[in-house]
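What follows is one structure encoded as structure tokens, with my remarks underneath.
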Amino acid sequence: MKPIKQDQTTMHLPPTVAWVEAAPGKPGSGRLRLLDQTRLPNREVYLELTRAEEVFAAIRRLSVRGAPAIGCAAALGLAAALGQSRATEPTEFLRELEKVAEYLESARPTAVNLAWALHRCRKAVARALAEGEPQVAELQGVVLREALAILEEDRALCRAIGDQGMTLFEGRTEISALTHCNAGALATGGRGTALAPLYTARERGLTVRVFADETRPLLQGARLTAWELRRVGIETTVICDSMAAQVMREGRVDLVIVGADRIAANGDVANKIGTYGLAVIAAYHRIPFYVAAPYSTVDLAMASGRDIPIEQRPAEEVAEIGGRRMAPLDCSFYNPAFDLTPAELVAGIVTERGVLRPPYDQALRELCRQE
Ligand code: MRU
């Protein structure tokens with residue numbers, strides 16, 4: 001497995017997404033390694049995947065989840081699947097690449113990082129083909145190198161978001177933040193997006209306390225955010241989603257910070273279901289509501305949040321908890337996995353290049369242009 005540089009925070013956390021090198025003399029045996037997040041917090045189980053169908057299923061059932069992490073996993077999954085290609089001609093390889101990339105992209109519709117990462121791998125291959133006459137083995141190497149570059153870049157983006165987010169805490173020695181879902185190390189290739197400034201603040205000596213919304217239906221807050229924050233030693237209080245307003249009213253929260261699955265050109269944010277409600281109650285209590293995300297989560301092709309596709313998930317996720325039925329069999333269920341928070345409720349977007357302030361249109365364009 002590729003060694004990764006550890007720091008004070010990530011040394012406590014296992015890598016969410018990693019690459020296992022092919023065994024010597026066995027080309028095509030490289031694998032995508034994932035920490036299976038459906039098993040947390042009770043068990044630390046790893047999956048090693050090579051087939052496109054396995055990677056698709058792991059993304060769909062949320063063994064790997066969080067916008068940047070699914071981008072990294074899809075790119076490495078593409079490299080693993082294509083590492084096994086039997087194509088003998090570059091054109092045949094290219095057809096296979098398109099087919100597998102399209103298939104993986106269809107695993108989940110909302111987080112744009114998935115399509116973005118796969119597009120980057122396709123572009124790298126197109127570039128190699130335009131520049132010379134590479135053989136299939138070289139093209140396989142191109143996909144893998146691009147996928148590893150995406151993972152490495154994500155690690156750096158998370159670190160930079162952590163550094164930039166420190167400006168939110170100027171003059172403070174203590175912070176109490178509320179977050180929703182999981183936008184930490186488990187959701188990225190690095191130390192997270194929303195949690196990154198909190199990790200960095202702690203490393204720099206601030207006292208950090210976090211309220212983690214449990215995040216029904218799949219409990220990413222209780223299962224994952226609380227797990228990673230506690231591994232790092234941050235004081236964490238898990239609350240039911242319905243308790244956030246009361247906790248704010250009691251004056252226990254300085255700021256809300258969440259991640260994003262896609263940010264439209266006007267600054268509207270798609271994120272885990274419940275984010276919008278949180279932004280509304282934060283506004284009522286005059287508590288700043290921040291979103292943290294890298295440029296790879298910004299989709300300038302979406303003029304506003306209304307254009308962003310929202311993933312609909314199975315009814316059982318709402319109807320059941322831990323496999324036990326929680327509602328009568330004859331009612332219906334609705335399970336949108338994400339919601340849209342209008343830009344006007346967002347006090348700032350913490351990016352790798354600084355904290356953007358409203359209006360967001362031009363600042364987001366500039367961020368994407370620079371990157
Ligand atoms: O359904 P999930 O668990 O993939 O949803 C994840 C989120 O909504 C995160 O907040 C978002 O992807 C940002 S992760 C840095």
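The values are calculated or read from the model by the stated rules, or taken from the named source; none is laboratory data. What you are looking at is a predicted structure, and each value in this text was computed from that prediction instead of being measured. Cβ atoms come from the backbone with ideal geometry, glycine included; neighbour counts cover every protein chain shown. All accessible areas refer to the heavy atoms of the entire protein, side chains included, with ligands and DNA or RNA removed. Shrake-Rupley method; radii C 1.70, N 1.55, O 1.52, S 1.80 Å.
Restricting attention to the stretch 97-115, the residues being open to solvent by 10 Å² or more (accessible area, probe 1.4 Å), within 19 Å of residue 80 (Cβ to Cβ) and either part of a helix (DSSP H, G or I) or among the β-branched types (Val, Ile, Thr) (or both) number 7. For the stretch 205-257, a residue qualifies if it is of a type in the set (A, V, I, L, M), in a strand (DSSP E or B) and in contact (Cβ under 8 Å) with a residue 40 or more places away in the chain, and the qualifying residues are 255, 256, 257.
Does residue 40 qualify as being in contact with a helix residue (DSSP H, G or I) (Cβ under 9 Å, 6 or more places away or on another chain), under 24 Å from residue 313 (Cα atoms) and away from the ligand (no atom under 16 Å from the Cβ)? No; evaluated as a whole, the condition is false for this residue.
Taken over the stretch 323-371, the criterion of being open to solvent by 30 Å² or more (accessible area, probe 1.4 Å), in a loop (DSSP other than H, G, I, E, B) and either closer than 18 Å to residue 298 by Cβ or not assigned by TED's automatic domain parsing to the domain that holds residue 169 (or both) is satisfied by 342, 347, 353, 357, 358, 359, 371. Inside the stretch 50-85, residues that are open to solvent by less than 10 Å² (accessible area, probe 1.4 Å), over 25 Å from residue 194 (Cα atoms) and within 16 Å of the ligand (Cβ to nearest atom) make up a count of 2. Only one entry in 97, 104, 118, 47 is at pLDDT 95 or above and either among the charged types (D, E, K, R) or within 16 Å of the ligand (Cβ to nearest atom) (or both), namely 104. Tell me whether the stretch 162-184 contains one or more residues that are open to solvent by 20 Å² or more (accessible area, probe 1.4 Å), part of a helix (DSSP H, G or I) and more than 26 Å from residue 289 (Cα to Cα). No, every residue in the stretch 162-184 fails to be open to solvent by 20 Å² or more (accessible area, probe 1.4 Å), part of a helix (DSSP H, G or I) and more than 26 Å from residue 289 (Cα to Cα).
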